[in-house]
Amino acid sequence: MGTAVSRDLDISSNTYCLRFVGKESISPNDPFWNKFLAFNVTPPITLDDQLAFESRIEPLCQALLTNNLTTGNLSSLVQLFIVKSTELLSATNYEADLYNWQLSNTIFTIRCVVKFLTEMTTEDQLLQHIEFKGNRSTLESFVGCLVGILVDIPVTNSTYLIHLEVVTCILIFLSVPFNSSQKADQSNIYHLIMRGKHVIHAPLLIKSLCQNFINQEKLPPGYGNNQNHSIVLGLASDLWSMLTFRHKSSDSTVMADQKRLPRFSLGRTNYHWTTQPNPYRSSLFSCLNSQDNSPIPPTKTSSLFKIDFNMLYLVLCKKVSGDAATLLLYLLLHRNSSFKHYVLGREDLDQLIIPILKTLYNATNNNSHHIYMSLIILLILSEDESFNKMVHEKKLKNVSWYTERALTEISLGGLLILVVIRTVQYNMLKMRDKYLHTNCLAALANMSSQFRELHPNVSQRLVSLFETLAKKYHKLIRRLKTEKNENNDVTVTINQDAVEIEQDIFVLEDVLRIVLEILNSCLTTQLGNNPNLIYTLLYNKHIFEPFEGNDVFQDIIHNINVIIKHFEQLLSEKSQQHEVDAHQVLLVIQQGAKSWSKEKLTKFPDLKFKYVEEDQPEDFFIPYVWALVSQQSLLH
């Protein structure tokens, strides 16, 4: 870039830049590089700035694209980086500021050029530019040095920028298949990253990234103040915050936190779901708790590492309101059995659950992917009976962010039910996603046998959910009859509207059936512990009556009717003696529950749902991950 280059300077006229992209070959040991890399540049700090910066350097990159296959200057710069990074890796002192400054400038220049080439050339052409004259070891050595820095060089004020640029450069290489619209399995760079010599360090790399996420490193002093650093840390702050989920300021909002990329992009970007083994994902999914003194099996010492699950959990609790942290938590719970077991054993699990519930509660402010991932996390946790029991034992006071009704005291389980039901209702109005319905109801179904001491408002919402769905169901039935009456000539095919209505009815029947099964499961197993739910059923018994003769529902409606009639009889006997108020109705229910026998009910199978990824999860995850990369890293 040349000495004293700034964002406002016309770098297209800079002597050093012009020589680098020109027709003259520059060897890796030419003194030119010392001057070329001694620059100070104010980098982009917003997406608009990034686009403007790329626009300014585009003529230089175009010239390099034209000349580099003859000069090999990019390859010389890459080889220079390999030499410099090798020296750093072998050093005993990592605090040589001047040396680190030039090294970060080197990788910054390389990643700017490589990003341009990934967008303007094919992968084979990109390799020709880097591996000049067929030197096939150049890229592998380069990637090995990138990995080595992340694994072996500690993050300090002096090495901060180097780590930033290394991670950004790796992201750019991972984007090559994405930009070329080819499958990752067909990419040579993919095979290099997944099969190269450096792969032996995959567990150490993921451990380093996990540790950086846990440490939540703060910006080094002076960054962002235009104090002649090689990269004024507007960009560095954004990227590092993105990778560590650190807010840019104390008053950052939830939406700001969503614009932060996870520290695990190397293991998950674009190659997240592929038929080929992914050593980085495998390492993440296999890591163990460093606080567990059990030794790692000798046969697995090369593929496993330990990290402090306590610290990781605490950071996730703070950051799970953001997209990226939610994705990371999902991966760990879904694929790392050790971490899942650890989380389920925490006594302060409410610290993790409440932020997730707030995300769902504020669905209008969050994207559908984030909502979906939050629900899947709840579904995964609800597969465990100890979790389902615990959430109803944990009592909360004054849940201020739940504004629809004052909740002075409620169980965590009750709050969870309220928020999930609200999400179902929101989905019916806005998103109309059947998979979201399925996950919401599956989580409630898993929990239903442990519903205890349900809050009056929770009981009302459960029954109201059925009532809302029932009204929609009856409306569709009437519409279908109207459509068929309008097409009653046997020679006329029922129109497409009728077909779609029938499909909607079938889906809604499934949903209604699950809601009834949730109610039945709770009443069958916890009737004596839920007087408020029985009270609500008695008050709203009319909404179940139209389903008594429906073949789809009549078996399970039978159980609910048996319960309703039992307590109606008790109340009738009580009211013959004197008038009863709401408080006395509850007393009658509580007394009547003591003499209740479950033998009166038809037994149904236990409700157990387990989360399973779709057959092609990449259709969901790859666009989502790359959208996060685009939003959060300024890698337009």
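In this structure, is LEU98 in contact (Cβ under 8 Å) with a residue 40 or more places away in the chain and either crowded, with 22+ Cβ neighbours inside 10 Å or assigned to a helix (DSSP H, G or I) (or both)?
Details: in contact (Cβ under 8 Å) with a residue 40 or more places away in the chain: no; either crowded, with 22+ Cβ neighbours inside 10 Å or assigned to a helix (DSSP H, G or I) (or both): yes.
Considered against the rule, which asks whether it is in contact (Cβ under 8 Å) with a residue 40 or more places away in the chain and either crowded, with 22+ Cβ neighbours inside 10 Å or assigned to a helix (DSSP H, G or I) (or both), LEU98 comes out as no.
Where the second residue is open to solvent by less than 40 Å² (accessible area, probe 1.4 Å) and the first is more than 26 Å from SER595 (Cβ to Cβ) and lies in the range 548-566, which pairs have Cβ atoms under 6 Å and are six or more apart or on separate chains?
VAL552/GLU509; PHE553/PHE547
Matching residues to (1) open to solvent by 50 Å² or more (accessible area, probe 1.4 Å); (2) part of a loop (DSSP other than H, G, I, E, B); (3) acidic (Asp, Glu); (4) modelled with pLDDT of 95 or more:
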| site | (1), (2), (3), (4) |
| --- | --- |
| GLN425 | no, no, no, no |
| HIS437 | no, no, no, no |
| GLU453 | yes, yes, yes, no |
| LYS475 | yes, no, no, no |
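So that you can scan it fast, the table gives a plain yes or no per residue for (1) surrounded by fewer than 21 Cβ atoms within 10 Å (Cβ to Cβ); (2) more than 20 Å from ALA443 (Cα to Cα); (3) of a type in the set (Ser, Thr, Tyr):
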{"site": "SER321", "(1), (2), (3)": "no, no, yes"}
{"site": "SER337", "(1), (2), (3)": "yes, no, yes"}
{"site": "HIS341", "(1), (2), (3)": "yes, no, no"}
{"site": "THR359", "(1), (2), (3)": "no, no, yes"}
{"site": "ALA363", "(1), (2), (3)": "yes, no, no"}
{"site": "ASN366", "(1), (2), (3)": "no, yes, no"}
{"site": "SER382", "(1), (2), (3)": "no, no, yes"}
{"site": "LYS397", "(1), (2), (3)": "yes, yes, no"}
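Would you please name the residue that is farthest from LEU381 (Cα to Cα), looking only at residues in the range 583-626 that are without any contact (Cβ under 8 Å) to a residue 24 or more places away in the chain and hydroxyl-bearing (Ser, Thr, Tyr)?
That would be SER595.
What are the pairs with Cβ atoms under 9 angstrom where one residue, in the range 55-72, is farther than 10 Å from HIS129 by Cα and without any contact (Cβ under 8 Å) to a residue 40 or more places away in the chain and the other, located anywhere, is open to solvent by 30 Å² or more (accessible area, probe 1.4 Å) and not in a helix (DSSP H, G or I)? Sequence gap at least six, or different chains.
Cβ pairs passing all conditions: THR66/LYS23.
Can you tell me which residue among LEU69, LEU89 is among the hydrophobic types (A, V, I, L, M, F, W, C), open to solvent by 30 Å² or more (accessible area, probe 1.4 Å) and in contact with an Asp or Glu (Cβ under 8 Å, 6 or more places away or on another chain)?
Details: LEU69 fails: in contact with an Asp or Glu (Cβ under 8 Å, 6 or more places away or on another chain).
Just one listed residue meets the conditions, LEU89.
The rows are residues; the columns are (1) open to solvent by 30 Å² or more (accessible area, probe 1.4 Å); (2) farther than 30 Å from ILE514 by Cβ; (3) in contact with a helix residue (DSSP H, G or I) (Cβ under 8 Å, 6 or more places away or on another chain); (4) not in a helix (DSSP H, G or I).
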| position | (1), (2), (3), (4) |
| --- | --- |
| ASN550 | yes, no, yes, yes |
| ASP555 | yes, no, no, no |
| ILE564 | no, no, yes, no |
| GLU579 | yes, yes, no, yes |
| GLN590 | yes, no, yes, no |
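Just wondering, is there one or more residues in the range 381-393 that are part of a helix (DSSP H, G or I) and under 27 Å from VAL625 (Cβ atoms)? Working first, answer last.
Of the residues in the range 381-393, the ones part of a helix (DSSP H, G or I) are 381-382, 385-393.
Next cut, under 27 Å from VAL625 (Cβ atoms) only: 381-382.
Checked against the condition, which is being part of a helix (DSSP H, G or I) and under 27 Å from VAL625 (Cβ atoms), the range 381-393 yields at least one hit.
Give the range 587-636 a look and list any residue that's of a type in the set (D, E, K, R) and over 30 Å from SER175 (Cα atoms), or say none. It would help to see each step written out before you state the result.
So the first thing to find is which residues in the range 587-636 are of a type in the set (D, E, K, R), and the list is 594, 598-600, 603, 606, 608, 610, 613-615, 618-619.
Those that are of a type in the set (D, E, K, R) and over 30 Å from SER175 (Cα atoms): LYS594, LYS598, GLU599, LYS600, LYS603, ASP606, LYS608, LYS610.
What residue, of GLU599, GLU568, is assigned to a helix (DSSP H, G or I), within 27 Å of GLU385 (Cα to Cα) and open to solvent by 30 Å² or more (accessible area, probe 1.4 Å)? Outline the logic, then answer.
Values: GLU568 fails: within 27 Å of GLU385 (Cα to Cα).
Matching residue, one of GLU599, GLU568: GLU599.
Counting only residues that are of a type in the set (D, E, K, R) and assigned to a helix (DSSP H, G or I), which one in the range 158-192 is most open to solvent (accessible area, probe 1.4 Å)? Let's see the steps before the verdict.
Keep residues of the range 158-192 that are of a type in the set (D, E, K, R), which gives 165, 183, 185.
Then drop every residue that is not assigned to a helix (DSSP H, G or I), which leaves 165, 185.
Values: GLU165: 3, ASP185: 46 Å².
Ranking the candidates gives ASP185 first.
Give ILE563, ILE501 a once-over and let me know the one that is at pLDDT 90 or above and on the phi < 0 side of the Ramachandran plot. Walk me through it before giving the result.
Working: ILE501 fails: at pLDDT 90 or above.
Result of the check over ILE563, ILE501: ILE563.
Answer yes or no: is there a residue in the range 318-338 that is part of a loop (DSSP other than H, G, I, E, B), at pLDDT 90 or above and over 17 Å from ILE214 (Cα atoms).
Yes, the conditions are met somewhere in the range 318-338.
The values are calculated or read from the model by the stated rules, or taken from the named source; none is laboratory data. Not measured: the values here are computed from a predicted model. For neighbour counting, all protein chains shown are included, and Cβ atoms are generated from backbone atoms with ideal geometry for every residue, glycine included. These accessible areas exclude ligands, DNA and RNA; they are computed on the full protein's heavy atoms, side chains included. Shrake-Rupley method; radii C 1.70, N 1.55, O 1.52, S 1.80 Å.
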